[in-house]
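Chemist: Below are the structure tokens for one structure; questions will follow.
The values are calculated or read from the model by the stated rules, or taken from the named source; none is laboratory data. In this text, all values refer to a predicted model and were calculated from it rather than measured experimentally. Note that we place each Cβ from the backbone using ideal geometry, even for glycine, and neighbour counts take in every protein chain shown. For accessibility, only protein heavy atoms count, side chains too; no ligands or nucleic acids. Shrake-Rupley method; radii C 1.70, N 1.55, O 1.52, S 1.80 Å.
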Amino acid sequence: MSRVQEAMGGGPRPSAASRGGWRIVARKEFADHLSSARFAILVLILGLSGLAAVNSASSEIREVAGEATGAPSIFLFLFTVAPDRIPSYFSLVGFIGPLLGIAFGFDAINSERSQGTLPRLVSQPIHRDDVITGKFVAGLGTISLAIVVLTSVVAGFGLFRIAVVPSSGDLVRLFSYVLLSIIYVGFWLALAIMLSVVVRRAATSVLAGMAAWLVLTLFSGLIFGAIAQAIRPAPDTTDTALETEELLANARLELALQRISPTELYNESSQMILNPQLRSTGIVLSNQLDRAIPDPLSVEQSLLLVWPQVTAIVAGTVVVFTIAFVSFMRQEVRA
Amino acid sequence: MTDTASGPPTPPPAVETIGLTKRYGEKVAVDNLNLRIAKGEVFGLLGPNGAGKTTTILMLLGLSEPSAGEARVDGLDPTRDAIEVKRRVGYLPDSVGFYENMSARQNLEYTADLNRIARSVRTASISDTLAAVGLSDAADRMVGGYSRGMKQRLGVADALLKSPSIMMLDEPTVNIDPEGVNELLALVRSLADDRDVTVLLSSHLLHQVQAVCDRIGIFVAGRLVANGSIDELARALDDRIVIEVGVEGSGTELRSILASMPGITSVTSADDGNFLVAADADIRTELAAAIFAAGLQLQTLARRSAELDAIYGRYFDTAAAADEKSEAS
């Protein structure tokens, strides 16, 4: 065996054999995730609430089916319609999806530390970045699997309820939406992995992740609304043109601040992708809609509209993962 | 370093460090370390906790970057050829850990995969290494239920799995019961003798290092204060050879014998009535003969300087004193 190793070392650097270490890490982590209790629990939660959302949406669609004969992409209404206070499927994913990312990332590195497996792992013939890359890929794979399976099940159930055949355009939109959801949850995964690098204790790391989740999903409207109000107070009346301008400025600022949150970006772009009748993600005034022809957008146009949002989510993911990556590479192996 | 340039290819030493230094801010963890370990040697890095042993090993593995100086493992630079170095070195970390929800075999399967051991031979080599450390019966139990000693042995198996040419064992005997220690040390010795593996073993426990190592480096506060075989170490600290001698009854007659013996430089009496004799050479045989000739009953005759305890203690005392001084300043 050692002679073989020496023969390998004798030539130029055995780059081929040293590459792809992340795949071995990812394979092990992926298997761990799939057999873990948290995977089962989260899929169950998301699955049940998703089914409930689509169920109530389909009831609503059936009720108004008579009036909606002309509407395009009825199939996609399954994911966006939200009657009876049950949130729509896409806003459920926007809200619960982050938990999926946090669950598969919050203890990625610090558990290796606390178990004492990290020194052993990085002393194997792999690059150190293979560890964190492999873990990110495994988490992303798990998330993708969960989202694809859940959305397919939910879509199948909805189809059965409303019996409307989706067009090919609808399927492209649904596919894009699934991709968007994976990217969005990927952001939370990267955030959780970053926390697992920076925070030494898994319990603290998961708390920090949950805090970020609550702030960016539930309370972002409250917080950013208050900030916008402080900077650009909205007038009480809108009698004069100036006051209207001020109100608009306040609304624009609040929207801009809201867009710091990936959840806001995700919600905006999901709606745009799933609903061809939406034409803008920004503020639309009624006079701008005057005499506009209610013509649905093509898939390409919808995708073009959400491009900035998607780019922002991807950029956020890259930034957060880079922080995780760099701080992991600079950390001492020993605690 | 000059022998690598030309001439017949002399194999590089298994481990070599030149002025290796590691600083953490103000603190110097490893201070200008010059070390050379030949192939097939068992080298013991002996020192108290926090002396920089683990830091040294991490630098040799390329897991920690030296602040200054360089290291060579099998002639390779661990910072540049980290992968190749890690392929050749089996490392048992200080307080080794495993995935607790996996069995010993599953843990080793992961290691085997990371080392690109082909699936066809994987099962066999895992069984072999588990047998070598005596864990065959517990192979399919979850590691979570393992005792510290079993984990330690599994750690050795984990390091052995890649068929390393060098083993670096960081405090391998900590947390193991005495019987386990003996088994482990015997295993280490057989690795060097039968498989020609170079072993670098760090420990703060003197007797274990003494029992198994060819050479020892005493490492205190980041500095290698002594380095060599046990005899060499003794001589380095003190040229004289000290012999403890004692006879039954009062020592007056013995004292006169000692006074007449050639080669004795000084005689001091120990607390228990024995004498500590400093000499230029090992004169135990001559001494014994003289005592018998005088008709005395020999009770004690032992060479003190060969005992590492005293040396170790003395090195540590000096280092501790220096430490206190630096802390006070």
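Chemist: What single numbered condition from (1) in a helix (DSSP H, G or I); (2) touching a residue at least 24 places away in the same chain (Cβ under 8 Å) fails to hold for residue A:166?
Modeler: For residue A:166, the failing item is (1).
Chemist: Quick one: in region A:222-242, of everything that is open to solvent by less than 50 Å² (accessible area, probe 1.4 Å) and over 30 Å from the mean Cα position of the chain (by Cα), which residue is nearest to residue A:280 (Cα to Cα)? Steps first, please.
Modeler: Step one: of region A:222-242, the residues open to solvent by less than 50 Å² (accessible area, probe 1.4 Å) are A:224-225, A:228, A:234-235.
In the following step, the residues that additionally are over 30 Å from the mean Cα position of the chain (by Cα) were identified as A:234-235.
Details: A:234: 23, A:235: 25 Å.
Only one residue tops the list, namely A:234.
Chemist: The conditions are (1) at pLDDT 90 or above; (2) open to solvent by 60 Å² or more (accessible area, probe 1.4 Å), and residue A:1 fails exactly one of them. Which is it?
Modeler: (1)
Chemist: Okay, moving on. Can you tell me which of (1) at positive phi; (2) in contact (Cβ under 8 Å) with a residue 40 or more places away in the chain is the one residue A:136 doesn't meet?
Modeler: Failed condition: (1).
Chemist: Further question on the same structure: Are any residues in region B:60-119 in a strand (DSSP E or B), under 22 Å from the mean Cα position of the chain (by Cα) and of a type in the set (Gly, Ala, Ser), and if so, which ones?
Modeler: Hits for region B:60-119 are B:71, B:90.
Table: residues versus (1) under 24 Å from residue A:321 (Cβ atoms); (2) modelled with pLDDT of 90 or more; (3) surrounded by fewer than 19 Cβ atoms within 10 Å (Cβ to Cβ); (4) not charged (D, E, K, R).
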position: A:152; (1), (2), (3), (4): no, yes, yes, yes
position: A:159; (1), (2), (3), (4): no, no, yes, yes
position: A:181; (1), (2), (3), (4): yes, yes, no, yes
position: A:186; (1), (2), (3), (4): yes, yes, no, yes
position: A:189; (1), (2), (3), (4): yes, yes, no, yes
position: A:203; (1), (2), (3), (4): yes, yes, yes, yes
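Chemist: Restricting attention to region A:114-128, report how many residues are part of a helix (DSSP H, G or I) and either within 7 Å of chain B (Cβ to nearest Cβ) or open to solvent by 20 Å² or more (accessible area, probe 1.4 Å) (or both).
Modeler: 6
Listed here are the residues, each with its yes/no results for (1) within 11 Å of chain A (Cβ to nearest Cβ); (2) buried (at least 22 other Cβ atoms within 10 Å of the Cβ); (3) outside any loop (DSSP other than H, G, I, E, B); (4) free of Cβ contacts under 8 Å to residues at least 12 places away in the same chain.
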{"residue": "B:30", "(1), (2), (3), (4)": "no, yes, yes, no"}
{"residue": "B:40", "(1), (2), (3), (4)": "no, no, no, no"}
{"residue": "B:49", "(1), (2), (3), (4)": "no, no, no, no"}
{"residue": "B:58", "(1), (2), (3), (4)": "yes, yes, yes, yes"}
{"residue": "B:125", "(1), (2), (3), (4)": "yes, no, yes, no"}
{"residue": "B:134", "(1), (2), (3), (4)": "no, no, no, no"}
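Here's the yes/no breakdown for (1) more than 9 Å from chain A (Cβ to nearest Cβ); (2) aliphatic (A, V, I, L, M); (3) surrounded by fewer than 18 Cβ atoms within 10 Å (Cβ to Cβ):
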site	(1), (2), (3)
B:82	no, yes, no
B:86	no, no, no
B:91	no, no, no
B:97	no, no, no
B:100	no, no, yes
B:114	no, yes, no
B:118	yes, yes, yes
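Chemist: In addition: Could you check region B:145-165 and list, in sequence order, the residues that are in a loop (DSSP other than H, G, I, E, B) and either basic (Lys, Arg) or over 20 Å from residue B:114 (Cα atoms) (or both)?
Modeler: B:146, B:147, B:162
Chemist: Of everything in region B:209-227, what is surrounded by fewer than 23 Cβ atoms within 10 Å (Cβ to Cβ), in a strand (DSSP E or B) and under 8 Å from the mean Cα position of the chain (by Cα)? Give them in sequence order.
Modeler: B:215
Chemist: Write out, first by first residue and then by second, each pair whose Cβ atoms fall under 6 Å of each other, whose residues are 6+ apart or on separate chains, and whose first residue, in region B:157-172, is in contact (Cβ under 8 Å) with a residue 40 or more places away in the chain and within 11 Å of chain A (Cβ to nearest Cβ) while the second is open to solvent by less than 10 Å² (accessible area, probe 1.4 Å) and in a loop (DSSP other than H, G, I, E, B).
Modeler: Close Cβ pairs (under 6 Å, with a partner that is open to solvent by less than 10 Å² (accessible area, probe 1.4 Å) and in a loop (DSSP other than H, G, I, E, B)) amount to B:166/B:14; B:170/B:93.
Residue-wise test of (1) part of a helix (DSSP H, G or I); (2) under 24 Å from residue A:102 (Cα atoms); (3) in contact with a His (Cβ under 8 Å, 6 or more places away or on another chain).
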{"position": "A:213", "(1), (2), (3)": "yes, yes, no"}
{"position": "A:243", "(1), (2), (3)": "yes, no, no"}
{"position": "A:265", "(1), (2), (3)": "yes, yes, no"}
{"position": "A:277", "(1), (2), (3)": "no, no, no"}
{"position": "A:284", "(1), (2), (3)": "no, no, no"}
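Chemist: So, in region A:296-308, how many residues would count as being in contact (Cβ under 8 Å) with a residue 60 or more places away in the chain and either open to solvent by 50 Å² or more (accessible area, probe 1.4 Å) or closer than 20 Å to residue A:262 by Cβ (or both)?
Modeler: 4
Chemist: So which pairs qualify, if the first residue must be in region A:309-335 and over 16 Å from residue A:101 (Cβ atoms) and within 14 Å of chain B (Cβ to nearest Cβ), the second must be open to solvent by 20 Å² or more (accessible area, probe 1.4 Å) and of a type in the set (Lys, Arg), the Cβ gap must be under 8 Å, and the two must be at least 6 apart or on different chains?
Modeler: From region A:309-335, the pairs are A:328/A:128; A:329/A:128; A:335/A:113; A:335/A:200.
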